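The values are calculated or read from the model by the stated rules, or taken from the named source; none is laboratory data. None of these values were measured; they are calculated from a predicted model. Cβ placement follows ideal geometry from the backbone for every residue including glycine, while neighbour counts extend to all protein chains displayed. Calculation scope for accessible area: heavy atoms of the full protein, side chains included, ligands and nucleic acids excluded. Shrake-Rupley method; radii C 1.70, N 1.55, O 1.52, S 1.80 Å.
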Amino acid sequence: PQERAELWVRVGALRARSLDDRDGAAAAYREALDAVPGDRGALLALESLEEERADWNALEEVLLQHLQVTSGDEVHEVLFRLVENADKRLEDRDRAVGYLKQILDANPSEPRAVAHLERLLAAGEQW
């Protein structure tokens, strides 16, 4: 499975860079993730590609996949990316607040999360 994933990542990179086929690249990266769901190279490449394509719902799906296979400080970074995507791109404050709560459940005094939550709640007049 790992060799298959690596092959699909290479196909995705070729389609994205040389052929300017972003849809084909996304499909190839998804094939890599089907072979090895936590393949870091495929996840990072697909995250980047979905940002380029401005497909914010697809980006959220990929970030959620990334979240499932990550640990440590990287969990918070992926959650913060989910917060930004939900807030700024999907314009879904409730979803952004949900991701912030996940950060604060693990670290109640996380200053970035507290500040972002306060801003979202004030903007949504949820006080």
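Brief remarks on what is shown
- Residue match in the stretch 14-33 (condition: buried (at least 17 other Cβ atoms within 10 Å of the Cβ) and over 23 Å from Val78 (Cα atoms)): yes
- When residues of the stretch 62-116 are limited to those that are small (Gly, Ala, Ser) and closer than 22 Å to Glu50 by Cβ, the one nearest to the chain's Cα centre (by Cα): Ala86
- Contact map, the stretch 51-74: first residue under 21 Å from Lys88 (Cβ atoms), second residue in a loop (DSSP other than H, G, I, E, B), Cβ cut-off under 6 Å, separation 6 or more or different chains; pairs are Trp56/Leu90.
- Among residues of the stretch 107-121 being touching a helix residue (DSSP H, G or I) at 6+ places or on another chain (Cβ under 8 Å) and not in a loop (DSSP other than H, G, I, E, B), the one that is farthest from Gly72 (Cα to Cα) is Leu121.
- Some residue of the stretch 52-64 being open to solvent by 80 Å² or more (accessible area, probe 1.4 Å) and among the hydrophobic types (A, V, I, L, M, F, W, C): no
- Criterion violated by Tyr99 - all others in (1) under 30 Å from Gln2 (Cα atoms); (2) open to solvent by less than 50 Å² (accessible area, probe 1.4 Å) satisfied: (1)
- Residue match in the stretch 104-127 (condition: surrounded by 14 or more Cβ atoms within 10 Å (Cβ to Cβ) and of a type in the set (Phe, Trp, Tyr)): no
Residue-by-condition table, conditions (1) open to solvent by less than 50 Å² (accessible area, probe 1.4 Å); (2) modelled with pLDDT under 95; (3) closer than 18 Å to Ala96 by Cβ; (4) in contact with a strand residue (DSSP E or B) (Cβ under 7 Å, 6 or more places away or on another chain):
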| position | (1), (2), (3), (4) |
| --- | --- |
| Gln2 | no, yes, no, no |
| Pro37 | no, yes, no, no |
| His66 | yes, no, yes, no |
| Thr70 | yes, yes, no, no |
